[in-house]
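Novice: Structure below; questions to follow.
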Amino acid sequence: MEARFYRFLSSRLIASISGQIFLIYYLWYVVVAYDSVFLVGMIVTIFLIVDLLLAYPIGHIIDHTNSTAVNFVGSILYGLGFIIPFLGLGLEGVYIGVAVYTVGYTSKGDSFSAFIKRDVPTDQFQKATSYQQGAAGLSTLVGVVLGGMTIILLDKYLLVILLSFAVSSAILAFPIKEKDIDHKELTTETKEVLKFMRKIAGFLVFGFVINGLFISLEVYSSGIFHIVLKAGPMYYTAFSAALPLGMVIGSALAGLKIERLGQNMSIALMLVGFSPLLIAIGLSRIPLLDVFCAFGIGFLLPLINTPLFVKLTKIVPQEIFGKTMALLRVFVAGSTPVMATIFSMVAAFYAINIVILVVGIIVLPFSIFGLRTVKLLMDMPEAGI
C-alpha cells in the first residue's frame with residue numbers, strides 16, 4: 001500500500017487518541033462531579049444521536065466530493081469540539097463540545113472508509129481493514145491510558161494535549177486529488193441503496209439488537225468502578241484500556257489471512273463467546289476479573305469485524321458506497337441512543353451489575369441468530385470496484 005494510506009491512517013489514529021482522551025476524561029469528570037450515571041449516559045447518548053443524524057448526509061457528501069477533503073475538515077471540527085468545554089458553560093459546554101467533536105469523528109471515520117474503497121487495491125482490502133481495526137484498538141488503548149493519566153496527573157494540561165493532537169491530525173490529513181467518480185441521479189442512488197439494504201435485512205436486524213445491548217458497557221463502565229466496586233480511576237482506566245488492548249492483538253491475528261477465522265461458523269462461535277464474558281462482568285465483584293473479560297471482548301471484536309467489513313467493502317458498489325455504509329451504520333447503531341438512555345434510567349432502580357448480567361443472557365440467543373445472517377452476507381457476490 002502507498003504512503004498516503006499510512007498518512008491518512010496516522011491522521012485518524014492521532015485524532016482517535018485525542019477523542020478517547022476527551023471522552024474518558026469527561027465520562028469520569030461528570031460521574032465524580034455529579035455522582036450521576038444518568039448524566040454520564042447523556043454524553044454517550046449525545047455522541048450517538050449526532051453521529052446517527054449526520055451519518056447519511058455526510059455519506060452523500062463523501063460520494064459526491066473528495067473524501068480526503070472531508071477528512072481534513074473533520075480534523076478541524078475535532079479541535080473545535082475540544083475547545084468548547086473550556087468556555088465556562090458548565091455541563092452544557094461539555095455536551096455541546098461532545099456534539100461538535102462527534103461531527104468531526106463521523107466525517108473522518110466515514111471518509112477514511114471511502115478512501116480505502118477508492119484508493120486501495122481489492123487484494124489489499126483485508127490488510128487495510130486489519131490495519132484500520134488495529135489502529136482503532138491502538139488509538140483507544142493509548143487514548144484511555146493518556147486519559148487516565150490526564151485525570152490523575154495532567155488535569156491542568158488537558159486542552160494543550162487535545163489541541164496538539166488535533167493540529168497534528170489536520171496536518172497529516174491534508175487533502176489529495178482523487179479520481180473522478182461517475183454519479184447517478186439522487187433518486188436512482190437512493191433506490192440502489194435501499195435495494196442493497198433489503199438484501200442484508202437479516203444482518204441489519206442482528207446488528208441493531210447486538211449493538212444496542214453492547215452500549216451498556218459504555219454507559220456503565222465508569223459507574224461499575226466508582227459506584228458498585230468502589231474502585232478508583234486506576235481500575236477504571238485499566239478496564240477501559242483492556243478492551244482496545246484485546247483489539248490490537250486480535251487485529252494482528254485477523255491480518256494474517258487465516259482462512260478458518262473468516263469462515264461462517266468461526267464468526268458465529270466468536271459471537272456466542274460474548275455472552276459468558278458479559279455474564280462474568282455482571283456477576284463479578286473482583287475488578288481484575290472485569291478487566292480480563294473486557295480484554296476478551298476486545299480480542300474477539302476484530303476477528304469478527306475484519307472479515308465482515310472486508311466483505312461489505314467488496315459487495316457495495318463504488319458510486320453508492322458512502323451513503324450505503326452510512327445508512328448501514330445508522331441502522332445498526334440506531335438502537336444505541338435509545339438503549340443508552342434506557343440503561344441510564346434503569347440504573348436508578350436496579351443495580352448496574354444486574355443489568356449487565358441480563359444483557360449477557362440476552363446476547364446469547366441473538367448470537368445464535370447470527371449463524372444464519374452471517375452466512376447469507378458472506379455468500380453474496382462482489383460488486384465492481
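The values are calculated or read from the model by the stated rules, or taken from the named source; none is laboratory data. Just so it is clear, the model here is predicted, and its values are computed rather than measured. We place every Cβ from the backbone using ideal geometry, glycine too, and count neighbours over all the protein chains shown.
Novice: What do you reckon, is Ser266 at pLDDT below 75 and assigned to a helix (DSSP H, G or I)?
Specialist: yes
Novice: Ok, one more. Does region 327-383 hold any residues that are modelled with pLDDT of 65 or more, surrounded by fewer than 20 Cβ atoms within 10 Å (Cβ to Cβ) and within 18 Å of the chain's Cα centre (by Cα), and which are they?
Specialist: Listed by number, the list holds a single entry, Val330.
Novice: Right, something else. Among the listed residues Thr122, Thr129, Thr106, Thr150, which satisfies the condition of being over 26 Å from Ile61 (Cβ atoms) and polar (S, T, N, Q)?
Specialist: Thr150
Novice: Still on this structure, I have one more. If you go through region 106-113 one residue at a time, do you hit one that is farther than 23 Å from Leu328 by Cβ and in contact with a Phe, Trp or Tyr (Cβ under 9 Å, 6 or more places away or on another chain)?
Specialist: Looking through region 106-113, none of the residues is farther than 23 Å from Leu328 by Cβ and in contact with a Phe, Trp or Tyr (Cβ under 9 Å, 6 or more places away or on another chain).
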